[in-house]
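Enquirer: Got a structure for you, written out below as structure tokens; questions coming shortly.
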Amino acid sequence: MSATKDHHLQVETLLNICKQIKLIHYTINVGVTFLETSDIYDPKTNKTLLGKLQVLKGGIREKMDLATKFGIREVNGAREYCGDPEYVRTVCEASLEKVGVNYIDLYYQHRIDTCLPIEIIINFFLLTRSFIQTFFFHHLNYKNE
């Protein structure tokens, strides 16, 4: 990549981040009370951006419901579904740290990992209620066969 193209890409990235910052502040100012994130969303910086901006500081956290998803990850450039409890714990703790909060209001599975019995992930959630207020499974008709 040439220096000019690389510089253009950096400027474009900064402009996109500025737009995201404006949008976040706008939504809070007009009374939006629900923020949702996911590791898989591009540019994969939304949680870090919320944390660095300290969006949920100064009493705002108490007015906002924070949701985030787990269950899709990229491995060697390909997406895969993962509900392994160790993975779920790791990404949950990373989410808490990135956003700069001590709990998540709604933590839910983006896609079901059909290679893992659903009871394993449900049991994990029942044991980790201290930092996850509510958990939800989108595909309630899941059958482990």
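Bear in mind these aren't lab numbers, they're just calculated from the coordinates by the rules spelled out. The shown structure was predicted, so the numbers you read here are calculated from the model rather than taken from an experiment. So basically every Cβ, Gly included, is an ideal-geometry build from the backbone, and we count neighbours across all protein chains shown.
Enquirer: Excluding residues fewer than 8 places away in the same chain, name every one of the aspartates and glutamates whose C-alpha is closer than 15 Å to that of residue 98.
Expert: 36, 39
Enquirer: How much length is gained on full extension from residue 40 to residue 62, taking 0.36 nm per residue of separation minus their Cα-Cα distance?
Expert: 5.3 nm
Enquirer: Residue 28 to residue 115: FRET efficiency via 1/(1 + (r/R0)^6), r the Cβ-Cβ distance, R0 41 Å, to the nearest 0.05?
Expert: With a Förster radius of 41 Å, E is 0.55.
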